[in-house]
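Here the structure comes first, spelled out in structure tokens, and everything after it is commentary.
The values are calculated or read from the model by the stated rules, or taken from the named source; none is laboratory data. Predicted model, so just to flag it, every value in this text is computed and none were measured. Here the Cβ positions follow ideal geometry from the backbone for every residue, glycine too, while neighbour counts run over all protein chains shown. Heavy atoms of the whole protein, side chains included, go into the accessibility calculation; ligands, DNA and RNA do not. Shrake-Rupley method; radii C 1.70, N 1.55, O 1.52, S 1.80 Å.
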Amino acid sequence: MVTTIVEEPVGVDRAGDPVSDMDPTPVDKSAPIFVAGHRGLVGSAVVRKLQFLGYTNVLLRTHSELDLTIQSAVDDFFASQKPSYVILAAAKVGGIHANNTYPADFITINLQIQTNVITSAFKHNTKKLLFLGSSCIYPKFAPQPIPENALLTGPLEPTNEWYAIAKISGIKMCQAFRLQHSFDAISAMPTNLYGPNDNFHPENSHVLPALLRRFHEAKVNNVAEVVVWGSGKPLREFLHVDDLADAVVFLMENYSGLDHVNVGSGKEVSIRELAELVKDVVEYKGEIVWDSSKPDGTPRKLMDNSKLAEIGWEAKISLRDGLKDTYKWYLENVVNQQ
């Protein structure tokens, strides 16, 4: 006996229409919306934005309440809570040292989180899911500004390839579920972020929070100079995390497409200009000394944000205003807690 299995064609819905792009549907502000990773830099900003906009049913779980790496626990959560919307901001993150030291953790844990959440969201009829990635998904020598179609066109930066590969897999998983099952899963790729709840660790933080902390401590301790690595010439793009949160909600309400979307400020600043700006915001009166014996890193790393601009969104918080806000948060929540 021959058994014939009839499947829906991949890439079309049950009516035979393409599903790579769908018309966005209004988001019900009273429906349950699960923010995974709500204690982190991004997740906490998303929660603030949702609450400000009047979303009344935001679902939150700490790691101790829900371990997203455990498939059965995630599935039980979705079965009982049935979130209508999901914003997937949970991830294992870290700097170069952490990525080099724990490559297995970075690829395994992030793959587990993404697979469990996306699969359970589809299984339990979530209406829409937004997956948050990182600009490190792009090739080390991507064209500048970096367009979305630069993905998978060249080798990755070796120091964070484990994390990047996991994030690329998340993008492709969202695309696969959209194509095969018409699941409205979208992806957003933010540029370098900063703001409240950032990591100000003296060794493991990124350049902007590291500079804030260094200039603040030099000011408090009356240190005559602050040494900054490199020449100060590399260009970087920074986005305040509250702007990202605004973009996330905007995309949930206005975008439903197969391709991921870059999210950035569209503005570059040299590391030298950034250091001078941080010095000014902190009101440090000493000197900046540049240690040119130390590496500069990538000369330029700018996202092409034209796709998001065409949809109708652009960043609103200036770097100076964002730095003032971040420094205020650092004083109140880090310095005053020591």
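Nearest 5 percent is fine: what portion of the DSSP beta bridges confined to the chain is antiparallel?
15 percent
What does the helix-only formula give at 222 nm for the chain: each DSSP H stretch with n ≥ 4 adding -39500 (n - 2.57), the total divided by the residues, and the result rounded to the nearest 500 deg cm²/dmol?
-12500 deg cm²/dmol
Using a 1.4 Å probe on the protein heavy atoms, what percent of the accessible area of the chain belongs to carbon and sulfur?
52 percent
When Rg and Dmax of the Cα atoms in Å is calculated directly from the model, which label among (1) 26.4, 107; (2) 20.3, 61; (3) 21.1, 86 fits?
Here Rg and Dmax of the Cα atoms in Å agrees with entry (3).
Determine one quarter of the surface area of the Cα convex hull of segment 39-194, which equals its mean projected area, and express it in nm² to one decimal.
Mean projected area for segment 39-194: 9.9 nm², to one decimal.
List, in order, the whole-Hz ³J(HN,Hα) value for each residue of segment 327-336 obtained from phi through the Karplus relation with A = 6.51, B = -1.76, C = 1.60 and θ = phi - 60°; use x for Gly and Pro.
With the stated coefficients, segment 327-336 comes to 5, 4, 5, 4, 5, 7, 10, 10, 5, 6 Hz.
From largest accessible area down, sort Asp280, Asp246; use a 1.4 Å probe on the protein chains.
If we order Asp280, Asp246 from most to least accessible, we get Asp280, Asp246.
Explain nothing, just the number: dipole magnitude of the chain about its Cα centre with +1 on each Lys and Arg Cβ and -1 on each Asp and Glu Cβ, in debye rounded to the nearest 20.
420 debye
Name the most mobile residue of Leu88, Leu68, Leu53, meaning the one with the largest mean-square fluctuation, in a Gaussian network model of the chain with Cα contacts below 10 Å.
Leu53
For segment 30-126, report the convex hull volume of the alpha-carbon atoms normalised per residue, in Å³, without decimals.
87 Å³
Using a Gaussian network model of the chain whose springs link C-alpha atoms within less than 10 Å, name the residue from Glu217, Glu237, Glu65 with the highest mean-square fluctuation.
Glu65
So how far, in whole Å, is the C-alpha centre of segment 86-151 from the one of segment 248-278?
16 Å
Give the residue list of chymotrypsin sites (Phe, Trp or Tyr not before Pro) in segment 85-165 that are DSSP loop and have at most 14 other beta-carbon atoms within 10 angstrom.
Of the chymotrypsin sites (Phe, Trp or Tyr not before Pro), the ones in loops of segment 85-165 whose Cβ has at most 14 other Cβ atoms within 10 Å are Phe141.
Could you give each residue of segment 86-98 its phi-based ³J(HN,Hα) in whole Hz, using Karplus coefficients 6.51, -1.76, 1.60 with θ = phi - 60°, and x for Gly or Pro?
Whole-Hz 3J(HN,Hα) from phi for segment 86-98: 9, 10, 9, 10, 6, 6, 8, 10, x, x, 4, 4, 5.
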